[in-house]
1. Rounded to a whole number, what % of the accessible area of the range 106-153 do carbon and sulfur atoms account for, probe 1.4 Å?
2. When Lys and Arg each count +1 and Asp and Glu each count -1, what net charge do the other residues less than 9 Å away from Ala21, Cβ to Cβ, add up to?
3. Name the chymotrypsin sites (Phe, Trp or Tyr not before Pro) in the range 1-73 that are in a loop by DSSP and that have at most 11 other C-beta atoms within 10 Å, would you?
4. With θ taken as phi - 60° and the coefficients 6.51, -1.76 and 1.60, list the Karplus ³J(HN,Hα) couplings across the range 45-59 in order, rounded to whole Hz; mark glycine and proline as x.
5. At R0 = 25 Å, how high is the FRET efficiency between His55 and Ser125 if r is their beta carbon distance? Nearest 0.05 is fine.
6. Which parts of the range 1-24 would a label at Val105 reach, counting a residue when its backbone N lies under 20 Å from a point 7 Å out along Cα-to-Cβ?
7. Gain in length, Thr162 to Asp136, computed as 0.36 nm per residue apart minus the alpha-carbon separation, to one decimal in nm?
8. What's the local net charge at Lys9, with K and R +1, D and E -1, over the other residues with C-beta under 11 Å away?
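The values are calculated or read from the model by the stated rules, or taken from the named source; none is laboratory data. None of these values were measured; they are calculated from a predicted model. Here Cβ is always computed from backbone atoms with ideal geometry, including for glycine, and neighbour counts include all displayed protein chains. Surface areas here come from the heavy atoms of the whole protein model, side chains and all, with no ligands, DNA or RNA. Shrake-Rupley method; radii C 1.70, N 1.55, O 1.52, S 1.80 Å.
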Amino acid sequence: MLKKVMSEKLNNQINHEAFSAYLYYSMSAYFESINLKGFANWMTMQAQEEIAHTHRLFTYINDKGDRVLLRALEEPQRDWDSPLACIEDAYNHECFISECINECVTLALQENDHATNAMLQWFVSEQVEEEANADDLVQKLKLIGDNSSGLYMLDAELGKRTFDPAAEAGQ
Ligand code: FEO
């Protein structure tokens, strides 16, 4: 079993990860609405990764013989002023998630919960990649500025992103 305080923290992190999926689906819908289908694809793949993150925590809590308790999801933002504003929000959201994961790790260490700490180390590494990927897009969009052919080329590149469930599951 997990200690109550740890169980609550991990259940809360499930909510953060599930909300992340919801937010990225909302960003995908925004990009569809402005006909940037490659960006929309990138966000849909990102949302699927977040569902995989949610599932990792869900499985861990179950494996520890504890009870998953799902909470309501907040309504995500629907519109942004520009592609750059949207991707900057995605980057800032990932920084927030990294802080949440760090808080989970700090609690696991305080509670001498080595199993949970070991499980969370995957998330610590994943967050480095999550922040880097979003920041890379922010920097590219800043370089492109209002050059529409640059935006078109980036959209084509982002349309190629796929989701590998096996890699997310650590297989
Ligand atoms: Fe699951 Fe993008 O953090």
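1. Numbers: 1580 of 2890 Å².
Answer for the range 106-153 is 55 percent, counting heavy atoms of protein chains only.
2. Values: positive: none; negative: Glu17, Glu49, Glu50.
Neighbourhood net charge equals -3.
3. Values: sites: Phe19, Tyr22, Tyr24, Tyr25, Tyr30, Phe31, Phe39, Trp42, Phe58, Tyr60; in loops: none.
Counting only loop positions with at most 11 other Cβ atoms within 10 Å, none of the chymotrypsin sites (Phe, Trp or Tyr not before Pro) in the range 1-73 qualifies.
4. Result, ordered by residue: 5, 5, 4, 5, 4, 5, 5, 5, 5, 4, 5, 4, 5, 4, 5 Hz.
5. Values: r = 17 Å, r/R0 = 0.70.
Step by step, r from the Cβ atoms, then E = 0.90.
6. Counting only backbone N, you get 6-18.
7. 7.6 nm
8. Values: positive: Lys3, Lys4; negative: Glu8, Glu103, Glu111, Asp113.
In short, -2.
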